[in-house]
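A quick write-up on the structure given underneath.
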Amino acid sequence: MLLIRCPYCQQTLPELEFTYAGQAHVARPDAANKQISDEEWRDFLFIRTNVKGPHYERWRHAHGCGRFFNAVRDTVSDRFLITYKVEDPRPELSDLLEKSE
Amino acid sequence: MTHFSALSLLKNALTGHKNWDAQWPDSQPKAEYDVIIVGAGGHGLGAAYYLAKEHGITNVAVIDKGWLGGGNTGRNTTIIRSNYLYDESARLYDHALDLWDGLSQELNYNVMYSNRGVLMLAHNVHDVQSFKRHIHANRLNGVDNTWLTPQEAKEYCPPLDISASARFPVMGAALQRRAGTARHDAVAWGYARGASQRGVDIIQNCPVTAIRRGPDGRVTGVETARGFIGAKKVAVSAAGHTSVVMDSAGVRMPLESYPLQALVSEPVKPVFPCVVMSNTVHAYISQSDKGELVIGSGTDQYTSYSQRGGLPLIEHTVAAICEIFPIFNRMRMLRKWGGIVDVTPDRSAILGKTPVPGLYVNCGWGTGGFKATPGAAHTLAWTVAKDEPHAINAPFTLERFATGRLIDEAAAAAVAH
């Protein structure tokens, strides 16, 4: 069972309270202002980093505050390096790895 | 190498089974091959076997980071069926089923394919309508599938509770009679033996760290833990690790890797005659020839390479089984494990060429790759040998995610499969 810290509730709670919501920081192409190719749509919709190691991802505290937040989790050990609010900037991986040593 | 027969069995029985030969040598890598296959699971070994047998290409190596058949081939719940909704999938999985039928004879290796039938339970009006649609679609594609009333389902599978008071009442079931199970390890071993007999090298405990390309973009070989190995063609069949390997060739894949768990009970006498699946409650169960109940369900919710998965999913799975089969609620579970499955956005496989010349891929089988083993291997070998798609794998391209011609089994089954 994963234990996940909700950055809004400031509590560490069991995985059952949360739903996984895929890779974080995937930006939608700016279709209003320019022509988007099929390949760009494919990359936005379907291509994922699927990284083996630290993974930027979204979670939702579905059975708590109901809010989405971001996290960095190592997909080999399943250990969370950090969880942070949606409005917070994307943390640098090198800083996180230094802190977690 | 020994040809297995009643006579060879008898002969070896008389000498206490001490004189059986090794079934395949543990090969050392050569400097170069015509074809390298990354991943020694059933799909990869099978592709090597068909390359050698049907296309005469024997200068082939199958390379794996672990031991042969130690990934998802050895971790799945061994269910075989072909009752998929869409034409493309029905053709591919039914091709596999045709090959399963004669596989033991073909390989001279008992893969214990048992067409005991797969029964898919309908618990509500939506299930009934959707399964009947599947049955009609299957019949139009020449795939056997029959609708059973609750009474007929109970006759086929006596442990089933069809009483009106059941938590999830059975309103009928779809039965594919040709479907069933096989011995997963034996499939890998049989293909390994057959490929090795024809000159294929099987290189174990040798992780492939990168795919190398020449200045013209063509594949030149692979970097491994034992150094560079040259190859004219490389086929990646690495399940959950496919996107990691493909990334090194500069090809980004529409894949996400999730843990899929399964568990077995302690062995008991024969009690369960077929495979039962319930998409609504979401679990599936069969009994192995050793007597263990083999149980599985969906993937964990988060991507991971940990080959573990979490206990909440096991609890959900066992709860579902106990609801459908209350007679099993005092069975003790013996082991649980996880494998890493590579899931595509439309839940259909990717099987064929890639933008890189000389590089082929067989991946995205998600939670249901075992059943496709012979079909995937057979058509992958064709594509690698001829550098063109086989009629059956032609729709399963990587390009479909840009063109939009998806094969949306995800929507058809409403569960990962």
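The antiparallel fraction among DSSP beta bridges confined to chain B stands at about 70%. With a 1.4 Å probe, how much accessible area is buried between chains B and A, both sides summed, in Å² to the nearest hundred? The B and A chains share an interface burying roughly 2100 Å². Each listed q (0.11, 0.15, 0.19 Å⁻¹) maps to a log10 I(q)/I(0) for segment B:301-417, found by the Debye formula over equal Cα scatterers with no solvent: -0.51, -0.81, -1.07. Couplings for segment B:321-337, taken from phi via the Karplus curve 6.51 cos²θ - 1.76 cosθ + 1.60 with θ = phi - 60°, read 5, 5, 5, 7, 10, x, 5, 8, 6, 10, 5, 9, 8, 9, 8, 9, 8 Hz in order; Gly and Pro are left as x. Counting only Cα atoms, segment B:1-157 measures 58, 43, 27 Å along its principal axes, largest extent leading. Largest mean-square fluctuation among B:Asn110, B:Asn141, B:Asn205, in a Gaussian network model of chain B whose springs join Cα atoms under 10 Å apart, belongs to B:Asn205.
Across segment A:70-80, rounded Karplus estimates of 3J(HN,Hα) from the backbone phi angles (6.51 cos²θ - 1.76 cosθ + 1.60, θ = phi - 60°) give 9, 8, 10, 10, 7, 7, 8, 9, 6, 7, 7 Hz, Gly and Pro being marked x.
Equivalent-ellipsoid semi-axes for segment B:47-115 (Cα gyration tensor, √(5λ), whole Å, largest first): 23, 17, 15.
Shape of segment B:168-326 from its Cα gyration tensor (a ≥ b ≥ c, root eigenvalues): rounded if a/c is under 1.5, otherwise prolate when a/b > b/c, or oblate? It is prolate, given that a/c is not under 1.5 and a/b is the larger ratio.
This model, with +1 at the C-beta of Lys and Arg and -1 at the C-beta of Asp and Glu, gives the protein assembly as shown a dipole about its Cα centre of some 720 debye.
With the convex hull drawn over the C-alpha atoms of the protein assembly as shown, the volume per residue is 184 Å³. Using 0.36 nm per residue and subtracting the Cα-Cα separation, the extra length available between B:His17 and B:Arg139 on full extension is 39.2 nm.
Legend: calculated FRET efficiency, A:Val26 to A:Leu96, from the Cβ-Cβ distance at R0 = 25 Å, rounded to 0.05, equals 0.80. Farthest towards the positive end of the charge dipole of segment B:324-417, among the residues B:Trp337, B:Ala394, B:Gly352, is the Cα of B:Trp337, using unit charges on the Cβ of Lys, Arg, Asp and Glu. Across chain A, the volume of the C-alpha convex hull divided among the residues equals 128 Å³ per residue. As a fraction of the 1.4 Å probe accessible area of the protein assembly as shown, surface on carbon and sulfur atoms comes out at 52 percent. Quarter the surface of the alpha carbon convex hull of chain B and you get the mean projected area, 20.5 square nanometres.
Here the dipole of segment B:33-146 is about 360 debye; that uses its Cα centre as origin and unit charges on the Cβ of Lys and Arg (positive) and Asp and Glu (negative). Classify segment B:113-185 as rounded, prolate or oblate, taking a ≥ b ≥ c as the square roots of the eigenvalues of its Cα gyration tensor: rounded when a/c is under 1.5, otherwise prolate if a/b is larger than b/c and oblate if not. Since a/c reaches 1.5 but b/c is at least a/b, the shape of segment B:113-185 is classed as oblate.
Sequentially through segment A:53-68, phi angles give Karplus couplings (6.51, -1.76, 1.60; θ = phi - 60°) of x, x, 10, 7, 8, 9, 10, 10, 7, 4, 9, x, 6, x, 9, 7 Hz, Gly and Pro residues having no value and appearing as x. Each Cα pair under 8 Å and six or more residues apart adds its separation to the average, and for chain B the resulting relative contact order is 22 percent. The gain in end-to-end length when the B:Met333 to B:Lys290 segment is fully stretched comes to 14.0 nm, 0.36 nm per residue minus the alpha carbon separation. By its C-alpha gyration tensor, with a ≥ b ≥ c as the square roots of the eigenvalues, how is segment B:135-228 shaped: rounded for a/c under 1.5, else prolate for a/b larger than b/c, else oblate? It comes out prolate by the Cα gyration axes.
Were the residues from B:Ala391 through B:Phe168 laid out at 0.36 nm apart, the gain over their Cα-Cα distance would be 76.1 nm. Peptide B:303-309 shows a mean partner chain C-beta count of 6 within 10 Å per residue C-beta.
From its DSSP helices (H runs of at least four residues, each -39,500 (n - 2.57)), the protein assembly as shown gives a residue-normalised ellipticity at 222 nm of -8000 deg cm²/dmol. Computed over protein heavy atoms with a 1.4 Å probe, the accessible surface of segment B:212-275 works out to 38 Å² per residue.
The values are calculated or read from the model by the stated rules, or taken from the named source; none is laboratory data. Since we're looking at a predicted model, the values are computed, not measured. Using ideal geometry, Cβ is built from the backbone for each residue, glycine included, and neighbour counts are taken over all protein chains shown. Please note that ligands, DNA and RNA were not included when accessible areas were found on the heavy atoms of the full protein model with its side chains. Shrake-Rupley method; radii C 1.70, N 1.55, O 1.52, S 1.80 Å.
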